Amino acid sequence: MVAVVAGLSAFWLLATLVLGRRQDLLGVAMALLCVLLATVAGVAATAARQRDADDSRDPDQPSRHPETQPPGIDADTLETLGDRDAVRSMRERYHRGDSHR
């Protein structure tokens, strides 16, 4: 709903600017408002699309949001370990849920 209202408002402002051919401070303010409304419309449309994609996702699949996934191994840890067996055992420990932070 926000995307539709912002998009229509941006279109109306753009049409007013093109037809009115304003070249004063009010015209500049209207142009900036048009850009702002177009940005709001784009962000709102993207958020709605993302929400629909998350709702249609299979509940058994892990979430794509990093804060809900189990902790992984960061680059510093990999560099410190350097041994493949140590990295493999650390991953197995994280997948089993034995990690205590």
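FYI, it's all coordinate maths here, none of it is from the lab. Computed from a predicted model, the values in this text were never measured in an experiment. Because the Cβ atoms are built from the backbone with ideal geometry, glycine has one as well, and the counts that use them run over all protein chains shown.
In a DSSP loop and with at most 16 other Cβ atoms within 10 Å, the trypsin sites (Lys or Arg not before Pro) in the stretch 1-54 are ARG21, ARG22. Fully extending the segment from ALA45 to ARG84, taken as 0.36 nm per residue of separation minus the present Cα-Cα distance, adds 9.6 nm.
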